[in-house]
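Trainee: Quick one: structure below, then a few questions.
The values are calculated or read from the model by the stated rules, or taken from the named source; none is laboratory data. Source: prediction; values computed, not measured. Note that we place each Cβ from the backbone using ideal geometry, even for glycine, and neighbour counts take in every protein chain shown. What goes into the accessible areas is simple: the full protein's heavy atoms, side chains included, and nothing from ligands, DNA or RNA. Shrake-Rupley method; radii C 1.70, N 1.55, O 1.52, S 1.80 Å.
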Amino acid sequence: MAIVLILGLYLAFAAAAALALVDRLETMVRITQAVPRIALLAICSFAYLVGPRVYGLEYEDAFVHEAASLWRSSHWLDVPDGFYATVCAAGSAQECVVSGSFGTQLIGLSILLAVFRSVGVEASHAVNIVSAIAGALSLQVVWSILTAYVSSSLSRSIAIALIASATSFYMISGSGFAEPLFVFFLLTHLSSYLALCESPPHQPTRAAQWVLLMASGALMIVCKKEGTLLVVLLPLYDVACACLKGKGQSALCPRRLALGLVSLALLLFAIFAVRILDAADRHSADIGHPAFSLGYVTGLVPPFGRAALTIGYFGLLGWLTLLALPIALYSRDRNAGRLLVVLGGFSLLYVLHARHNAFVLGASVEPEEMVRYLYVEVPIAAIFVALNLQYVLHRCGLGLPRRLETIAPCGIALLAALGFASVIPSLYRQREDTASDEYANRTKLLDADSSRSGRVVYVSPYSTALIASLGKTGLVVDSAVVTDDAVKSWLRARVGEGVSLVIDRELCKLPIAPASLAGCEFLAELQTRPK
């Protein structure tokens, strides 16, 4: 049922987006719209080619979506564990002996990848391609929001330049994480909400806009659980503003009431269908501590803040967002206020959430570990800065001269290109370093007997990374299931057929390796058994 629902959501989203684009096509082909859009698309396409492809090296999160899509594309009829991604724990993705859900990763991204694989698109690093496309589409939505709500060409130019000069935007867009697809749906949901909320009350709204709002919201949630936060914050902020201004009745106008009902429906979907509360319990069980706690704030705020303000990660965006905060509070602009609440909500969520088992046991968190989460806030922060900069320019009577407005699109494209050019060296180095770390810590094991493809079983706590690298037919066993009776019988049979075992040298030494002593003894016995 979950698979059918998600496929239906993707179809509904595609249909609604197509209808919405038809209405705006005439506007989008004008030079004021087309030049910046083409420039942003070209930049994202080129960014994908800078350096080697990398998944991201965040324990197994960066590999799970590719591995889950490989498994799902051959097992469409198998019932998933609710909305959690299923991966092969022993065997191959095509012929799996034991499968299981991986942590708390949801299936929004892996289902999309599996659809592509099922229709014959068997590209290696498929998740990187989809992630890069999602990043490019996210910038297109950002540009749509800027053109709709920021009239100052100078403000729009600076916002685009800020994103284009953020190295980490390109590191995550094109990685193996779910964040790029999540951000695309988040921005689409935000754009749809603003369009419905800001349009005049007497102006009729198209059904496609409502479908786009609901489908993007649901897909946002099934990609990343924290999407639930957005569907709660937006209507609550608008109701609170109406009540504070003594206009509580306006919060109950038909359109606002409909927006509230959509948000309520999405919240109920997240709680009862996606079971986001269960996800917190599962994470708590994994680390042996609460998934969310005020006690984590002191350990996470410093690296979170340092990452946000590190020019090497996000350029000047973090600093300008800080400078824009008092302006937003003074200007009381509705859209700036909405974005400020969203930025604050996500920031609070990320510093309350336990990073990993080592963190709750006292290990420090490095700033680079927070970059993945800050990526979610990059486009929102850029729009926030543009809105507040526009307010300052308007109050000071500043702006581009009228004769320069005609060439503003070219200027915006040029600023974006210059911003991207400034991060190319850093982007290349970061990808090279990440690729080297991924090889040393995840996939170096594949070098052993690599010439005998299909005649080797790799046993490792990092099975998801190995499956993502090997594809559908690679034989891999996760150390967590070594003692499973079905796996033991399968391993005995494979060894009897002359298949070699390649065991991670650190398997029985790593504290994170779930293999028991009995499992290690069993593997040692298999390795010494005559063939």
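Trainee: Using only DSSP helix segments of four residues or longer, with each worth -39500 (n - 2.57), what per-residue ellipticity at 222 nm results for the chain after dividing by its residue count and rounding to 500? Write down the numbers at each step before the final one.
Mentor: Working: 24 runs with 336 residues, N = 531.
The helix-only estimate for the chain comes to -20500 deg cm²/dmol at 222 nm.
Trainee: Right, something else. In terms of solvent-accessible area of protein heavy atoms at a 1.4 angstrom probe, what is the ranking of C520, C88, C253, C410, highest value first? Present the calculation step by step, with values, prior to reporting the outcome.
Mentor: Values: C520 25, C88 5, C253 45, C410 75 Å².
I get C410, C253, C520, C88, largest accessible area first.
Trainee: Oh, and also: Could you report the accessible area of R53 in Å², rounded to 10, computed with a 1.4 Å probe on the protein chains as they sit in the structure?
Mentor: 60 Å²
Trainee: Give the percent of DSSP beta bridges with both residues in the chain that are antiparallel, rounded to the nearest 5. Don't jump to the answer; show the numbers that get you there.
Mentor: Details: 10 of 18 bridges.
Percent antiparallel among DSSP bridges in the chain is about 55.
Trainee: Once fully extended, how much extra length lies between L361 and A15, figured as 0.36 nm per residue of separation less the alpha-carbon to alpha-carbon distance? Present the calculation step by step, with values, prior to reporting the outcome.
Mentor: Working: separation 346, 0.36 × 346 = 124.56 nm, distance 4.77 nm.
Extra length from L361 to A15 when fully extended: 119.8 nm.
Trainee: Would you mind checking the stretch 169-183 for residues with the amide N under 15 Å from a putative spin-label position 7 Å along Cα→C-beta of I287?
Mentor: none
Trainee: So how do R455, R395, R338 rank on accessible area, 1.4 Å probe, biggest first, that is with the largest at the start? Walk me through the numbers on the way to the answer.
Mentor: Working: R455 100, R395 145, R338 5 Å².
So, going from the largest accessible area down, we get R395, R455, R338.
Trainee: Additional query: Run the quick spin-label model on L49 and E198: label points 7 Å from Cα toward the beta carbon, then report their separation in nm to one decimal.
Mentor: Once both label points are built, they end up 3.5 nm from each other.
Trainee: Counting only residues 5 or more places away or on other chains, whose amide H sits under 5 Å from the amide H of A291 once H atoms are built in the peptide plane?
Mentor: Residues meeting the criterion, in which the H sits 1.01 Å from N, are S284.
Trainee: To continue, here is another question. What share of Cα pairs, in percent, lie more than 17 angstrom apart in the stretch 141-245? Numbers along the way, then the final one.
Mentor: Numbers: 3471 of 5460 pairs.
Every Cα pair in the stretch 141-245 considered, those over 17 Å come to 64 percent.
Trainee: Report which label in (1) 0.99; (2) 1.05; (3) 0.97 holds the value of Rg/Rh (Cα atoms, Kirkwood Rh) derived from the coordinates of this structure.
Mentor: Computing Rg/Rh (Cα atoms, Kirkwood Rh) and matching it to (1) 0.99; (2) 1.05; (3) 0.97 gives (1).
Trainee: For the stretch 33-105, what does the alpha-carbon gyration tensor say about shape, rounded, prolate or oblate, given a ≥ b ≥ c as the root eigenvalues, a/c under 1.5 as rounded, and a/b over b/c as prolate? Don't skip to the end; give the middle numbers.
Mentor: Values: a/c = 2.87, a/b = 2.30, b/c = 1.25.
Here the stretch 33-105 falls in the prolate category.
Trainee: For the stretch 311-398, what ratio Rg/Rh do Cα atoms give with a Kirkwood hydrodynamic radius? Write out the running numbers ahead of the final one.
Mentor: Working: Rg = 15.5 Å, Rh = 14.4 Å.
The Rg/Rh ratio comes out at 1.08.
Trainee: Can I ask one more? Please identify which residues in the stretch 1-23 have an amide N closer than 16 Å to a label point set 7 Å out from the Cα of D278, following the Cα→Cβ vector.
Mentor: 1-6
Trainee: Here's another thing I want to ask about it. So how exposed is R156, as accessible area in Å² (1.4 Å probe, rounded to 10)?
Mentor: Its heavy atoms expose roughly 40 Å² to the probe.
Trainee: Continuing with this model, one more query. Answer rounded, prolate or oblate for the stretch 303-452, using the Cα gyration tensor with square roots of eigenvalues a ≥ b ≥ c: rounded when a/c is under 1.5, else prolate when a/b is larger than b/c, else oblate.
Mentor: Values: a/c = 3.49, a/b = 1.61, b/c = 2.17.
Cα axes put the stretch 303-452 in the oblate bin.
Trainee: Please work through the chain and write down the cysteines that have no neighbouring cysteine Cβ at a distance under 4.7 Å.
Mentor: If one checks each Cβ against the other cysteines of the chain, C44, C197, C223, C241, C243, C253, C396, C410 turn up with nothing under 4.7 Å.
Trainee: Right, another one. In whole percent, and with a 1.4 Å probe on the protein chains, what portion of the accessible area of the stretch 1-143 is carbon and sulfur? Walk me through the intermediate numbers first.
Mentor: Numbers: 4030 of 5710 Å².
Carbon and sulfur: 70 percent of the exposed surface of the stretch 1-143.
Trainee: How large is the translational diffusion coefficient of the stretch 1-156 in µm² per second when you combine the Kirkwood radius over alpha carbon pairs with Stokes-Einstein at 37 °C and 0.692 mPa s? Let's see the in-between values first.
Mentor: Details: Rh = 17.8 Å.
D = 184 µm²/s.
Trainee: Okay, moving on. Over the alpha-carbon set of the stretch 190-249, work out the extent along each principal axis and list the three values in angstrom, largest first.
Mentor: If we take the Cα atoms of the stretch 190-249, the spans are 38, 26, 14 Å.
Trainee: Give me the accessible area per residue for the stretch 190-348, probe 1.4 Å, as a whole number in Å². Provide the component values of the computation, followed by the final result.
Mentor: Working: 7740 Å² over 159 residues.
That works out to 49 Å² for each residue.
Trainee: What percentage of the solvent-accessible surface of the stretch 459-500, computed with a 1.4 Å probe over protein heavy atoms, is contributed by carbon and sulfur atoms? If you can, show how the numbers build up before the last one.
Mentor: Working: 600 of 1350 Å².
On the stretch 459-500, the fraction of accessible area on carbon and sulfur atoms equals 44 percent.
Trainee: Right, next: Considering only protein heavy atoms, with the full assembly of protein chains and a 1.4 angstrom probe, order H353, H65 by accessible area, largest first.
Mentor: Working: H353 50, H65 5 Å².
Output order, biggest surface exposure first: H353, H65.
Trainee: For the stretch 86-136, what ratio Rg/Rh do Cα atoms give with a Kirkwood hydrodynamic radius? The partial results should precede the final answer.
Mentor: Working: Rg = 12.3 Å, Rh = 12.3 Å.
Reported Rg/Rh (Cα atoms, Kirkwood Rh): 1.01.
Trainee: What is the pair-distance distribution P(r) of the stretch 260-364, computed from all Cα-Cα distances in 5 Å bins starting at 0, with each bin given as a whole percent?
Mentor: Final binned percentages: 2, 11, 14, 16, 17, 15, 15, 9, 2, 0.
Trainee: Sticking with this structure for a sec: For the pair Y428 and S124, how long in nm is the line joining their label points, each one 7 Å along Cα→Cβ?
Mentor: 2.2 nm
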